[in-house]
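Student: Dropping the structure in here first, questions after.
The values are calculated or read from the model by the stated rules, or taken from the named source; none is laboratory data. Computed from a prediction, not measured in an experiment: that's the story for all the values here. Cβ: placed from backbone, ideal geometry, glycine included. Neighbour counts: every protein chain shown. Heads up: the accessible areas ignore ligands, DNA and RNA and are worked out on the full protein's heavy atoms, side chains in. Shrake-Rupley method; radii C 1.70, N 1.55, O 1.52, S 1.80 Å.
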Amino acid sequence: MSEIVNKVKQSKLETVDLEKLAAGIEVQELDIKDFLFQELILKEKEYREKLEQHDWSQYDGVYLAVFCSTDAILPKWAFMLIVQYAYDYAEDVLFGNGEEVMEQLLTKKLSEVDWKQYQDKFVLLKGCSKMDISSDVYMEATKKLLPHVKKLMYGEACSNVPIYRQKRS
């Protein structure tokens, strides 16, 4: 009986797993509606009182996603006050729901990667993951990889979609 050979491991294929960029990132949401009168009206005195009474320590070390899920019309300073309270606790305070903030953070992390390590290589952007990574993040990763790779694919090693192949000179 012959030995089973892992042809994927033997190939010159480099896999980029965007989910690994998200490792260790924890995002918590804060919906401003909870601080508004009838979840719609900002009464400054009440708003400030509720912010002051809120337990901001619960956001210690996490990324805080701040948004309003109702159709309330809010002044910009309403969001600025939240930053002031969360600043000493949260890793960062960002505008948007949890999914939008995760997208912002992953896009930022993409700019920190040394993409030259993929110079003239066959690269697979891993497609299946436990986390739902937005198309925007995949597009950004593609833009970062294109100037470097010989070939770019999406999906899994056993089943991938070709995206780009460097023209032969």
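Student: Just to verify a number: what accessible area does ASP71 come out at with the full protein assembly present, 1.4 Å probe, Å² rounded to tens?
Tutor: That residue has around 140 Å² of solvent-accessible surface.
Student: Counting each DSSP H run of 4 or more residues in the chain as -39500 (n - 2.57), what helix-only mean residue ellipticity at 222 nm follows after dividing by all residues, to the nearest 500 deg cm²/dmol?
Tutor: -9000 deg cm²/dmol
Student: Compute the distance in nm between two label points, each set 7 Å from the Cα along the Cα-to-Cβ direction, one at ILE41 and one at THR15.
Tutor: Once both label points are built, they end up 5.7 nm from each other.
Student: Nearest 10 degrees is fine. How inclined is helix 76-86 to the longest principal axis of the chain, computing both from alpha carbons?
Tutor: Result, in degrees: 80.
Student: For the stretch 56-70, what does the Karplus curve 6.51 cos²θ - 1.76 cosθ + 1.60, with θ = phi - 60°, yield as ³J(HN,Hα) per residue in whole Hz, taken in order and with x for Gly and Pro?
Tutor: 3J(HN,Hα) across the stretch 56-70, in whole Hz: 6, 5, 5, 9, 4, x, 10, 8, 9, 9, 10, 7, 10, 8, 9.
Student: Another question, if that's okay. Leaving out ligands and nucleic acids, note down the accessible area per residue over the stretch 1-120 with a 1.4 angstrom probe, in whole Å².
Tutor: That works out to 68 Å² per residue.
Student: Then there is this: List the residues of the stretch 53-87 whose backbone N lies under 18 Å from a point placed 7 Å from the Cα of LYS108 along the Cα-to-Cβ direction.
Tutor: Label zone hits: 59-67, 79-87.
Student: Here is a follow-up. Determine, for each peptide in 36-46, 118-128, the mean count of other beta carbons within 10 angstrom over its residues, then list the peptides with the highest first.
Tutor: Ranked by mean Cβ neighbours within 10 Å, highest first: 118-128, 36-46.
Student: What fraction, in whole percent, of alpha-carbon pairs in the chain exceed 27 Å separation?
Tutor: 45 percent
Student: Comparing GLU49, GLU14, GLU156, which has the greatest mean-square fluctuation in the GNM of the chain with Cα pairs linked when under 10 Å apart?
Tutor: Sorting by GNM fluctuation, first place goes to GLU49.
Student: Report, to the nearest whole %, how much of the accessible area of the stretch 58-126 belongs to carbon and sulfur atoms, 1.4 Å probe, protein only.
Tutor: Carbon plus sulfur share of accessible area: 49 percent.
Student: Sticking with this one: Set the Förster distance to 22 Å, then compute FRET efficiency between ASP31 and GLN53 from the Cβ-Cβ distance, nearest 0.05.
Tutor: 0.85
Student: Let me ask you something else. Kindly write out, for the stretch 15-27 in residue order, the coupling ³J(HN,Hα) from the Karplus curve 6.51 cos²θ - 1.76 cosθ + 1.60 (θ = phi - 60°), rounded to whole Hz, with x marking Gly and Pro.
Tutor: Once θ is set to phi - 60°, the couplings for the stretch 15-27 become 9, 10, 9, 5, 4, 5, 5, 7, 4, x, 8, 10, 10 Hz.
Student: What FRET efficiency comes out for the pair PHE95/ARG165, r = Cβ-Cβ distance, R0 = 35 Å, nearest 0.05?
Tutor: Plugging the Cβ-Cβ distance into 1/(1 + (r/R0)^6) gives 0.35.
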